[in-house]
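Comments concern the structure below.
Please treat every number below as a calculation from the coordinates, not as lab data. Since the model is a prediction, treat every value here as computed from it, not as a measurement. With ideal geometry, Cβ positions are generated from the backbone for all residues, glycine too; neighbour counts draw on all protein chains shown.
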Amino acid sequence: MNPAPPALPVRLLFVKSTRTVLFLEANKKFVDALLSLLLLPMGSVVNLVRGATGMHDNELGAIANLHGSVIDKLELEEKLLVAREVLTNPAAPLGFPGTMLAIQPSGEMPSFLPKVYKCSSSQCRNFGTVINQQCSCGGYCSRFTEPVTDIYKVAVVADPAAPPHSGYVKDNVEYMITDGLEVFPTSTVKSIMLLVKNKVENMGDLGSIEIMVTRDWMVKILRRSLVSKTVLNDVFKADLPAGTSSPA
């Protein structure tokens with residue numbers, strides 16, 4: 001069994017009387033993990049929010065039907081041209097830091113590599129993934145080959161001199177994330193603007209709490225981000241201290 005991804009520390013600022021989350025403060029590691037959600041293929045998104053959170057299909061919309069068709073209908077009727085895994089659990093793109101969500105990171109070979117067929121025309125260098133598929137040059141992709149592995153490896157090591165992946169935002173900077181998942185460098189001015197926006201008048205009514213965001217929390221954030229603009233409250237409000245008491 002693979003070890004659980006490391007939890008990431010964040011600080012929530014909230015209104016004690018209403019237990020309303022105002023914003024979250026975090027370092028580079030959490031912000032990188034949050035921004036990496038934008039790289040996820042849709043098949044992986046549906047898998048994550050369905051499997052880890054029990055999200056109902058009516059909350060996901062028609063994309064759940066599309067996902068379900070691959071699993072329950074097309075595969076049973078043997079109408080798929082590729083393996084089901086390619087559509088329902090696709091590998092993350094090159095450069096994806098997959099540790100937090102335990103998704104296959106870039107640099108590893110995907111578990112499924114499709115068969116590839118060269119165009120029959122000696123003057124053409126096109127490939128297809130379906131035998132006898134008509135090529136744009138007018139020929140047919142009928143000559144079986146296995147170049148995908150090499151192509152994938154070339155893509156991964158295209159620039160061996162490049163520095164290792166270092167995320168998306170600068171290190172040694174504290175960041176703030178709003179309820180609607182807007183990301184800013186932490187600043188007094190921005191904090192005051194958010195307090196005014198949320199009509200916070202009594203500074204004594206503010207509380208903060210440090211929590212460790214696990215993979216499950218991150219999946220919940222992903223889930224709510226698809227359907228809500230009050231993500232932090234949707235995810236964390238129920239776990240805030242009740243009443244007027246709050247950790248320092």
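Points worth noting:
- Simple spin-label estimate for Ser228 and Lys170 gives 3.3 nm between the two label positions (7 Å along the Cα-to-Cβ direction from each Cα).
- If you take all other residues with their beta carbon under 10 Å from the beta carbon of Glu174, and give Lys and Arg +1 and Asp and Glu -1, the sum is +1.
- Sorted fewest first by neighbouring Cβ atoms within 10 angstrom, Phe23, Phe184, Phe144, Phe30 come out as Phe144, Phe184, Phe30, Phe23.
- Spin-label model, Thr20 to Leu66: label points 7 Å out along the Cα-to-beta-carbon direction sit 3.6 nm apart.
- Sequence-distant residues sharing a close amide H with Thr20 (under 5 Å, placed H): Val15
- Residue exposure sequence - Thr214, Thr188 - by fewest surrounding Cβ within 10 Å: Thr188, Thr214
- Spin-label pair Met42/Ser121, simplified geometry with 7 Å Cα→Cβ offset, distance in nm: 3.2 nm
- Per-residue Cβ neighbour counts within 10 Å put Val169, Val227, Val196, Val45 in the sequence Val196, Val227, Val169, Val45, beginning with the fewest.
- Formal net charge of residues neighbouring Cys135 (Cβ-Cβ distance under 15 Å; K, R +1; D, E -1): +3
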